[in-house]
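Take a look at the structure below.
The values are calculated or read from the model by the stated rules, or taken from the named source; none is laboratory data. Remember, predicted model here, so these are calculated numbers, not experimental data. Ideal geometry is used to build each Cβ from the backbone, glycine not excepted, and the neighbour counts take in all protein chains shown. These accessible areas exclude ligands, DNA and RNA; they are computed on the full protein's heavy atoms, side chains included. Shrake-Rupley method; radii C 1.70, N 1.55, O 1.52, S 1.80 Å.
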Protein chains: 2
Amino acid sequence: MNGAESLVQTLVDSGVEVCFTNPGTSEMHFVAALDKVPGMRAILGLFEGAVTGAADGYGRMAEKPAATLLHLGPGLANGLANLHNARRASTPLVNIVGDHATYHAQYDAPLSSDIKGFAAPVSGWVHSSSHPKYVAADAARAVAAARQAPGQVATLILPADTAWLEADGPAPALPVAGPVPAGEKAVARAAGALKNGKKTVILIRGEALKEEGLHAAGRIAAKSGARLLCDTFTPRIQRGAGRVAIERLPYFAEQIEENLAGTEQMIIVGSKPPVSFFAYPGKASWLTPEGCDILMLAHAHEDGVGALAALAEAIGAPKEPAHVAPLEKPELPTGNLDSFTAGQIIGHYLPEGAIVSDEAATSGIGPAIYTANAAPHDHLSLTGGSIGQGLPVATGAAVACPDRKVVCLHGDGGAMYTLQTLWSQAREGLDVTTVIFANRSYAILNVELMRVGAENPGPKALSMLDLHNPELDWVKLAQGMGVEAMRAETAEEFADQFSRCMRTKGPHLIEAVV
Amino acid sequence: MNGAESLVQTLVDSGVEVCFTNPGTSEMHFVAALDKVPGMRAILGLFEGAVTGAADGYGRMAEKPAATLLHLGPGLANGLANLHNARRASTPLVNIVGDHATYHAQYDAPLSSDIKGFAAPVSGWVHSSSHPKYVAADAARAVAAARQAPGQVATLILPADTAWLEADGPAPALPVAGPVPAGEKAVARAAGALKNGKKTVILIRGEALKEEGLHAAGRIAAKSGARLLCDTFTPRIQRGAGRVAIERLPYFAEQIEENLAGTEQMIIVGSKPPVSFFAYPGKASWLTPEGCDILMLAHAHEDGVGALAALAEAIGAPKEPAHVAPLEKPELPTGNLDSFTAGQIIGHYLPEGAIVSDEAATSGIGPAIYTANAAPHDHLSLTGGSIGQGLPVATGAAVACPDRKVVCLHGDGGAMYTLQTLWSQAREGLDVTTVIFANRSYAILNVELMRVGAENPGPKALSMLDLHNPELDWVKLAQGMGVEAMRAETAEEFADQFSRCMRTKGPHLIEAVV
């Protein structure tokens, strides 16, 4: 058994069942090992951003890491933007990055680069194996690092000779450092605070945004009247009919300030006090109201679900939570297609258990409103602000949950960064329906250009935000990668197409001209 | 004048006339400055790899830097792979990377990351401006750093507030540290060596691969009988009829060993002793024959052209060089279309002064053979091994040389990494003809899988190298981005299409099914 085989076997033994790949020469022994070691599904991506983003989507839904297989420094580099998003999502993820053979490094061959340097900014753990007999143990450590609560990116660099030389066999899986209980003092402090009559917000992120945590939060709200909030961008939230609905913080700094105005104390579960996404001249960056107390109920690596449940008990909350969303499917609109009528149609037809990968950006408001009382679903958002995450995250989610419908809502500008993902959806026959909101623009930047105070933009500036010349044809782009595609220009067309996609398995793309 | 305006004005004053952009919110003041400061052409790319690769192609042909405009760490990250290639090409290039406002950094907002960490592995110079009044001076230093011989990547990080706050105006251009003369001793040593009767190779890279340097090398060969060689992958070489033809080192280690067998001394101009591109079990990495003397005539930062001219004089070389390529246009083939018949057709129709951006990989051998005696042209190759360079390099070359026909030869696998580039070609109406060699495979990896000793590959391994399922439709992909496209399945079809593209201005794509 060579180093590569010991690596693949160790990954499988540690619970890693899927590897998203874009290999090159230095990874050929890993590729060969895929047939020699059973249990690892390998999914090829045609660009590394599609690979790392898919691993992110997989990790969010499977709640355990997928591996990636990347080709030296530049291959990793192409995957970094979506690894940045994965880092911000606290997604468990193991990168395997091939490298030149240890003895070849000295020659500075053309593909040599500082792989550790590329990896460090996105990785919680980085290591380069230095001997074939260390590879298996290093792999076990990488998986354990990735799974350390709340989850992180672990990057294992694999020099080619450590893959091809003889090894000692696989290493056993290591224990996982899961979430630790939140401190009793923190629970007691929060319980006390909820009785002081102050205007309270509970800001939640992470595992606690799934059904069980939301239920506990809803009970606390029922007793205390505290507002329940989540961040603007959350890795994953369970929402829709039957779930406790919580408010999402708006995007712009001044909207957040208005939203939080009057808040006297903020209890935080797995998140951080809200700050502005960008700085703007004359606007605040720190958005917690002055004088508002901040209470950490549970840090990101702590058990937020347990902390909320304990808090509910501590304040004598009722069994029934507040804010349970009723099922209210939106009416089907007719006529004009825009992101709001599209949102109504999506909310109407969204099937129970759907997974929504949302990078709709400015077109996302309508769908967010009209799916709030739709059938229960999971919602995955763009966590790190690096656009081009939505398509691959949808892909990975579909791999993790083959029996659930995945709906990807995407702006046209952002979708161009990782459009190669569609090919992997076609190859794997994944059940993903992609809706491209084609407004032919980096629409958010038209807003931002004004907000940063760049007055009277000229034609050059405006052309940097405009995607009209030429117009992208998403039907052709998708068909060019083997995905069935259609274009909708009216609400009726969109409703017909979207409902058909919800009834039919496999990858589809709808270009919604809005 | 704010910091962004002082920056753009300084870039223009320092000779930077083109900026390839993919901006976001933190770069909006730079974008606004494009209209306030005359003289900067801004070209939008829909993905940062397209942006940095275009700046590489521009720099290779314009022999001065273009700027890029990138959005924080993840935007830079998406451009790193082609910056790696630019680093290996010693291309002068200035990255402007927007960052959060200086006072916003402390809040670790979602898009925060270690930008310097991302930049360092690809940059010869990295700096983050800390005050609006420093920005102009920092920009002048960045351009001077980029132009330092032989050329390098310089990365200037621009916090948003240093862009929007008041500055003092532009900074004057700084003197450029161009190539220094090669040492007289090195010339004398090489001249002496050429008289010792040993079997000699002269290995050339950089500026000396243009007409003047080649002419001097050809004179040296005429007198001494030394073989003239260049690296397998060179940033730029001038070749074709009327130029001194030199041999290109083959790709695989054992081929290079065979090629160099018996060589007793190697005189190097601007390059390094050849090493294997990858390491392989049981094969050599260092490829200079044992006992062969290595003489550095000129380092990369030295004047290789002058050194070759001085060496020619020192040995009393004749005025007429050896190895001048005659004009021999290949016959037009009929019937089967493969990379060799396609190469004949390309060699037949290639117009004088064409620029060939070559990432044809395994399909590149035919075109290389059949353009050797074609009309004189420039040839740009993949310097750093990170695939996805050819399309953007062609784009940048077309911007630098609007009166010359650019021909991009590309493998289908590699072209997928930066296909977004086609949209910029359409928007700018660039005169680029792209030939996609569609073999539906990472063909080189099928070879490499065997070479690394991964015997009897199984179906999973083989599927990682195969692009048949589904087949990419490059005609639709190109049309989806506004580029006129066609498919050729016979030599006649390809000849008809390619010749038409050579006669017609503007972007075209031919999917050559080989």
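Give me the three principal axis extents of segment B:184-314 from the C-alpha atoms, as integers in angstrom, largest value leading.
Cα extents, longest axis first: 45, 32, 26 Å.
Filter B:64/B:210; A:36/A:64; A:133/B:460 down to the pairs with a C-alpha to C-alpha distance above 18 Å, please.
Details: B:64/B:210 16 Å; A:36/A:64 23 Å; A:133/B:460 25 Å.
Result: A:36/A:64; A:133/B:460 exceed 18 Å.
How far apart are the residue B:319 label points across copies, placing each 7 Å from Cα toward Cβ, in nm, shortest first?
10.7
Going 7 Å from Cα along the Cα-Cβ axis for the label, what nanometre distances separate residue A:242 from the same residue across the other copies?
7.8
Rounded to a whole number of µm²/s, how large is the Stokes-Einstein D of segment B:344-404 at 37 °C and 0.692 mPa s, given Rh as the Kirkwood radius over C-alpha pairs? Show your work: numbers first, answer last.
Details: Rh = 12.1 Å.
Here the translational diffusion coefficient equals 272 µm²/s.
Please figure out what share of the DSSP beta bridges in the protein assembly as shown is antiparallel and state it in percent, rounded to the nearest 5. Walk me through the numbers on the way to the answer.
Numbers: 16 of 153 bridges.
The antiparallel proportion sits near 10 percent.
In whole percent, and with a 1.4 Å probe on the protein chains, what portion of the accessible area of segment B:305-464 is carbon and sulfur?
Values: 2800 of 4810 Å².
Carbon and sulfur: 58 percent of the exposed surface of segment B:305-464.
Full-extension gain between residue A:176 and residue A:198, please, as 0.36 nm times their residue separation minus the C-alpha to C-alpha distance. Please list the in-between numbers first.
Numbers: separation 22, 0.36 × 22 = 7.92 nm, distance 3.92 nm.
That works out to 4.0 nm of additional length.
Just to be sure I follow: if Rg is taken over the C-alpha atoms of segment B:339-513 and Rh is the Kirkwood radius over the same atoms, what is Rg/Rh? Intermediate results must be reported in sequence, preceding the final value.
On the way: Rg = 15.8 Å, Rh = 16.2 Å.
Value, to two decimals: 0.97.
Report the convex hull volume per residue for segment A:224-270, counting only C-alpha atoms, in Å³. Let's see the in-between values first.
Values: hull volume 5.0 nm³, N = 47.
Roughly 106 Å³ of hull volume per residue.
How long are the semi-axes of the equivalent ellipsoid of the protein assembly as shown, taking √(5λ) for every eigenvalue λ of the Cα gyration tensor, in whole Å from largest down? Write out the running numbers ahead of the final one.
Numbers: eigenvalues 511, 182, 162 Å².
Values for the protein assembly as shown, descending: 51, 30, 28 Å.
So for each of B:345-358, A:314-327 I average, over its residues, the number of other beta carbons within 10 Å; can you give me the resulting order with the highest mean first? Present the calculation step by step, with values, prior to reporting the outcome.
Working: B:345-358: 22.8, A:314-327: 14.7.
The densest-packed peptide leads the list: B:345-358, A:314-327.
Report, in deg cm²/dmol and to the nearest 500, the calculated mean residue ellipticity at 222 nm for the protein assembly as shown, where each DSSP H run with n ≥ 4 adds -39500 (n - 2.57) and the sum is divided by the residue count. List each step's numbers first, then the result.
On the way: 40 runs with 386 residues, N = 1028.
It comes out at -11000 deg cm²/dmol, rounded to the nearest 500.
Normalising by the residue count of chain A, find the relative contact order in percent from Cα pairs under 8 Å and 6+ residues apart. Mind showing how you got there, number by number?
Numbers: 1290 pairs, mean separation 74.4, N = 514.
Rounded, it is 14 percent for chain A.
To the nearest 20 debye, what charge dipole does segment B:339-513 have about its Cα centre, counting +1 at the Cβ of each Lys and Arg and -1 at the Cβ of each Asp and Glu?
Details: 11 positive and 19 negative charges, 41 e Å.
For this selection, approximately 200 debye.
Under a straight-distance cross-link criterion of Cα-Cα below 22 Å, which lysines are reachable from residue A:195, leaving out those fewer than 8 residues away in the same chain?
A:185, A:223, A:319
How do A:286, B:423 rank by accessible surface area computed with a 1.4 Å probe, from largest to smallest? Walk me through the intermediate numbers first.
On the way: A:286 110, B:423 0 Å².
From most accessible down to least: A:286, B:423.
If you take the accessible area of A alone plus B alone and subtract the pair, what total do you get in square angstrom, rounded to 100, with a 1.4 Å probe? Intermediate results must be reported in sequence, preceding the final value.
On the way: alone 20330 and 20370 Å², together 32500 Å².
Chains A and B together bury roughly 8200 Å² of accessible area.
Given a 1.4 Å probe, show me the residues in segment A:41-73 buried by at least 40 Å² of accessible surface when comparing the whole protein assembly to the chain alone.
SASA drop of 40 Å² or more in segment A:41-73: A:44, A:46, A:47.
Please state, as a whole number in µm²/s, the translational diffusion coefficient that the Stokes-Einstein equation yields for segment B:1-98 at 4 °C and 1.567 mPa s, with Rh defined as the Kirkwood radius across alpha carbon pairs.
Numbers: Rh = 13.1 Å.
Answer from the Stokes-Einstein relation: 99 µm²/s.
In percent, how large is the relative contact order of segment B:137-274, given Cα pairs closer than 8 Å and 6 or more residues apart?
Working: 154 pairs, mean separation 33.4, N = 138.
Value for segment B:137-274: 24 percent.
Among A:310, A:215, A:203, whose Cα sits farthest toward the positive end of the charge dipole of segment A:180-314 (+1 at Cβ of Lys/Arg, -1 at Cβ of Asp/Glu, about the Cα centre)?
Farthest along the dipole direction, towards plus: A:215.
At q = 0.18, 0.24, 0.26 Å⁻¹, what log₁₀ I(q)/I(0) does a Debye calculation on the Cα points of segment B:274-358 give, no solvent, two decimals?
The Debye formula, applied to the Cα set alone, gives -1.01, -1.10, -1.21.
May I ask which residue of chain A has the beta-carbon nearest to the axis carrying chain A onto chain B, and at what distance in whole Å?
So the chain A residue sitting closest to the axis is A:476, 2.
I need the P(r) histogram for segment A:3-164: all alpha carbon pairs, bin width 10 Å from 0 out to the longest distance, whole percents.
13, 48, 35, 5, 0
Looking at A:284, B:19, A:381, which one has the Cα that reaches farthest to the positive end of the dipole of the protein assembly as shown (charges on Cβ: Lys, Arg +1; Asp, Glu -1)?
Of the options given, the answer is A:284.
Can you list the residues of segment A:401-430 with backbone N under 13 Å from a point 7 Å past the Cα of residue A:500, pointing along Cα to Cβ?
Residues passing the 13 Å test: none.
For segment B:42-92, count all C-alpha to C-alpha pairs, find those more than 19 Å apart, and express that count as a whole percent of the total. Write down the numbers at each step before the final one.
Values: 217 of 1275 pairs.
Summing the P(r) of segment B:42-92 above 19 Å gives 17 percent of all pairs.
So what is the accessible area of segment B:339-513 per residue, in Å², with the probe set to 1.4 Å? Intermediate results must be reported in sequence, preceding the final value.
Values: 4770 Å² over 175 residues.
Dividing the accessible area of segment B:339-513 by its residue count gives 27 Å².
How far, in nm to one decimal, is residue A:103 from itself in the other copies if the label point is set 7 angstrom along Cα toward Cβ? Shortest first, please.
Ordered by increasing distance: 5.9 nm.
So if R0 is 41 Å, what FRET efficiency would residue A:328 and residue A:489 give, r being the distance between their Cβ atoms, rounded to the nearest 0.05? Let's see the in-between values first.
Numbers: r = 28 Å, r/R0 = 0.67.
For R0 = 41 Å, the calculated efficiency reads 0.90.
Contact order normalised by length for segment A:45-190, with contacts defined as Cα pairs under 8 Å and 6 or more residues apart; what percent is it?
On the way: 284 pairs, mean separation 35.6, N = 146.
It rounds to 24 percent for segment A:45-190.
Taking chain A as the region of interest, what is the percent of Cα-Cα pairs per 10 angstrom bin, listed from the shortest bin to the one with the maximum distance?
Taking every Cα pair in chain A, the percentages come to 4, 19, 27, 25, 18, 7, 1.
Based on the mean of other Cβ atoms within 10 Å per residue, sort peptides B:30-42, A:458-470, A:266-278 so the most packed one is first.
Values: B:30-42: 21.0, A:458-470: 17.5, A:266-278: 23.8.
In descending order of packing, they fall as A:266-278, B:30-42, A:458-470.
Beyond 22 Å, what share of the Cα-Cα pairs of segment B:79-191 remains, rounded to the nearest whole percent?
On the way: 2742 of 6328 pairs.
Distances greater than 22 Å cover 43 percent of the Cα pairs.
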